[in-house]
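The values are calculated or read from the model by the stated rules, or taken from the named source; none is laboratory data. In this text the structure is predicted, and so the values were computed from the model without any measurement. Ideal geometry is used to build each Cβ from the backbone, glycine not excepted, and the neighbour counts take in all protein chains shown. Surface accessibility is based on the protein's heavy atoms, side chains included, excluding ligands, DNA and RNA. Shrake-Rupley method; radii C 1.70, N 1.55, O 1.52, S 1.80 Å.
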Amino acid sequence: FLKEKRCGKVKGRGCANGGKQRLWKTKEETSSPTISTEALFLMCLMIAQERRYVVTCDVPGAFMQANIDELVHLKLEGEIAELLIKRDPSYKKFVTHERGKTVIYTELEKALYGTLQAAALFWKDLTKYLVEELGFKVNPHNLCVANKTINDKQCTIGWHVDDLMISHADKDVVEDIVRKLQEKYGKESPLTVNRGSIHEYLGMTIDFSTEGKVMFKMNDYIQNTIDETPEELMKGGMSTPAANHLFEINPEAEKLEEVKAESYHHLVAKLLYLAKRSRPDILLAVSFMCTRVQAPDVDDWKKLGRCMRYLEDTKALYLTLEAD
């Protein structure tokens, strides 16, 4: 239940087992839109180019702000049921015992984290509020970007589930929207709001401190990936992520043993996530390595090592965007 966040805070969370809902819920009913990486980059590029004031904020317990849309029963058992009774003794009258365990059967009123439709229900609730109450218009190409012209300047809100980025040329406009969001979604616990030129957002550090430019950094993620890489792959430096024989495959090459093959697959997946965000310079090498994860050989292992050593030598290289 415990996870350490990038900022150092420890977060605790449990979730419902929504897998059982798959028997009657379709993917269309349960999938929620999220902001695309490209839309986020374009939004940040506009913020930098127009010198906008920007705020990122996180809605606390977001899913619990939306009502569930069907009859769902939730079984609480063991420790979680006992904790609930400790928190609110009135639940004692609903207790039963099964196989020596404390059990409470409940009916959900809210879109509990873990239920399949929770994210979609919160997206609908937030979208409705932005459009009907605040007068924003959703971008037809990305359903998690909304715009409104305020004081002859564009105000943009982009969001990924419960993480929002709000920008406008005028600081007061942004702070007024934050205040309205606090009134709507901060009743139980206030929104976490970050101001300034550097923001931790969607696993990246987004840096607007150089005027007219935006930098995307993932230092912690890169270091974590390097730390997970076997030492044998990290000997020597590299100035490029791949050599000119990247696409050459030797059918006679020895296949990797199971443990190494799993490590290869794991590290390539992590590199793909990185390449699609802040390090497109490794994307060609990683794209090829992705085609080899089913049965990697010793040559693929060396190609992974080269890419990892290149990353080690270029940790301070950031994706920087600017426009005129």
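The table for this structure:
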read-out: Residue list for the range 1-29, filter: in contact with a Ser or Thr (Cβ under 9 Å, 6 or more places away or on another chain) and not in a loop (DSSP other than H, G, I, E, B); value: GLY18, GLN21, ARG22
read-out: Any chance VAL55 is assigned to a strand (DSSP E or B), within 30 Å of ALA169 (Cβ to Cβ) and hydrophobic (A, V, I, L, M, F, W, C); value: yes
read-out: Residue satisfying all of: in the range 37-78; open to solvent by 40 Å² or more (accessible area, probe 1.4 Å) and modelled with pLDDT under 90; farthest from LYS217 (Cα to Cα) among these; value: GLU70
read-out: Residue count for the range 272-317, restricted to those that are farther than 27 Å from GLU252 by Cα and assigned to a loop (DSSP other than H, G, I, E, B); value: 8
read-out: Matching entry among LEU191, LEU202 (being within 17 Å of the chain's Cα centre (by Cα), open to solvent by less than 50 Å² (accessible area, probe 1.4 Å) and either over 19 Å from ALA39 (Cα atoms) or not aromatic (Phe, Trp, Tyr) (or both)); value: LEU202
read-out: Residue in the range 205-231 that is most open to solvent (accessible area, probe 1.4 Å), counting only those that are part of a helix (DSSP H, G or I) and free of Cβ contacts under 8 Å to residues at least 40 places away in the same chain; value: GLU231
read-out: Qualifying residue in the range 3-10 (condition: on the phi > 0 side of the Ramachandran plot, open to solvent by less than 60 Å² (accessible area, probe 1.4 Å) and at pLDDT 85 or above); value: no
read-out: Residues within the range 101-134 that are in a helix (DSSP H, G or I) and either open to solvent by less than 70 Å² (accessible area, probe 1.4 Å) or modelled with pLDDT under 95 (or both), tallied; value: 13
read-out: Some residue of the range 280-302 being charged (D, E, K, R), farther than 22 Å from LEU256 by Cα, open to solvent by less than 60 Å² (accessible area, probe 1.4 Å) and in contact (Cβ under 8 Å) with a residue 12 or more places away in the chain; value: yes
read-out: Selected residue (only one of LYS9, LYS110 is under 30 Å from ARG179 (Cβ atoms) and in contact with a strand residue (DSSP E or B) (Cβ under 8 Å, 6 or more places away or on another chain)); value: LYS110
read-out: Count of the range 194-210 residues which are touching a helix residue (DSSP H, G or I) at 6+ places or on another chain (Cβ under 8 Å) and either modelled with pLDDT of 95 or more or within 22 Å of GLY135 (Cα to Cα) (or both); value: 3
read-out: Residue count for the range 232-271, restricted to those that are of a type outside the set (D, E, K, R), in a helix (DSSP H, G or I) and open to solvent by less than 50 Å² (accessible area, probe 1.4 Å); value: 7
